[in-house]
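Reviewing the structure listed below.
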Amino acid sequence: MKEQEKKINEEEVKDVEETAENIEEQETADKETSQEEAEDDKLAKMEAEAASWKDKYQRLMAEFENARKRTAKEAVQRYDMGAMGVLEKLLPVIDNFERGLDAVAEEEKDSAFVQGIQQIYKQLMAVMDDLGVTSMDAEGKEFDANLHNAVMHVEDEELGENVVVEELQKGYMYKESVLRHSMVKVAN
């Protein structure tokens, strides 16, 4: 019987040892699983934070690019506004050149002085053209309030309605903007 008890005790000890080993293995597996889960959680948090920083970076870069474009556009607009102010002040000089050249008598048109004035006028107009200033030819065209300033009105059955009969003062464009409206006489 002692042998049987010894066998039972040995079996019980084996069972207890196996159970202890199983518990240890389970605890080790649980620890590893919890460590993996903790690492996975930590990794997921880091990935989320990295994605957040990436999103913030991309938004900041887009905002910076928009600000750069807006600043460049505003600089061009400021330049154009300043140029328009200066060019507008030169228009009366051009008008006076044209009036002076129109007032020259036929017999004096070949004189060196008049030819010199004509050359200066041509040079001034070439510079204005290089800067983007062009004259508007309004005569015979339909009246457009965006381009023309009507100061006189005449009734003429031979002409159509709202047709510019005469250009009293030449208008000019700077690039796509009106520098000075044409002063015109409109029919009907």
Which residues does a label at K109 reach in region 118-144, if reach means a backbone N under 14 Å from a point 7 Å past the Cα toward the Cβ? 118
Rounded to a whole number, the Stokes-Einstein D of region 134-188 in µm²/s (Kirkwood radius over Cα pairs; 37 °C; 0.692 mPa s) is 298 µm²/s
Sum up the charges of everything whose Cβ sits under 15 Å from the Cβ of A67, counting Lys and Arg as +1 and Asp and Glu as -1, but leave A67 out. +2
Please report the antiparallel percentage of DSSP beta bridges with both residues in region 134-188, rounded to the nearest 5. 65 percent
The answer for trypsin sites (Lys or Arg not before Pro) in region 104-164 that fall in a DSSP coil and have at most 13 neighbouring Cβ atoms within 10 Å is K109
On a 26 Å Cα-Cα criterion, which of the cross-link pairs K69/K175; K109/K170; K122/K170; K45/K69 come out too long? K45/K69
Taking 0.36 nm per residue of sequence separation and subtracting the Cα-Cα distance, how much length would be gained by fully extending the chain between L168 and I120, in nm to one decimal? 14.9 nm
Once you keep just the Cα pairs under 8 angstrom separated by 6 or more residues, what percentage relative contact order results for the chain? 15 percent
Taking every DSSP beta bridge with both residues inside the chain, roughly what % is antiparallel (nearest 5)? 70 percent
In whole µm²/s, the translational diffusion coefficient that Stokes-Einstein assigns to the chain, given a Kirkwood hydrodynamic radius over C-alpha pairs, 37 °C and 0.692 mPa s, equals 128 µm²/s
Note, F97: beta-carbon cut-off 13 Å, +1 each Lys/Arg, -1 each Asp/Glu, net 0
Within a Cβ distance under 13 Å of Q77, other residues only, what is the Lys/Arg minus Asp/Glu net charge? +2
Region 93-112 residues near the modelled V127 label - backbone nitrogen below 19 Å, point 7 Å along Cα→Cβ: 93-101
When a/c reaches 1.5 or more, the comparison of a/b and b/c decides; with that in mind, is region 84-188 rounded, prolate or oblate per its Cα gyration tensor? oblate
Please list the non-local residues whose amide H lies under 5 Å from the amide H of L168, H modeled 1.01 Å from N, same-chain partners needing a gap of 5 or more. M183, V184, K185
Give the angle, between 0 and 90 degrees and rounded to the nearest 10, that separates the Cα long axis of helix 2-103 from the longest principal axis of the Cα atoms of the chain. 10 degrees
Per-residue [θ]222 nm for the chain (sum of -39500 (n - 2.57) over DSSP H runs n ≥ 4, rounded to 500): -24500 deg cm²/dmol
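Values in this text are rule-based calculations from the coordinates and carry no lab data. Everything numeric here is computed off the predicted structure, so don't read it as measured data. Methodologically, a virtual Cβ is constructed for each residue, glycine included, from the backbone with ideal geometry; neighbour enumeration extends over all protein chains shown.
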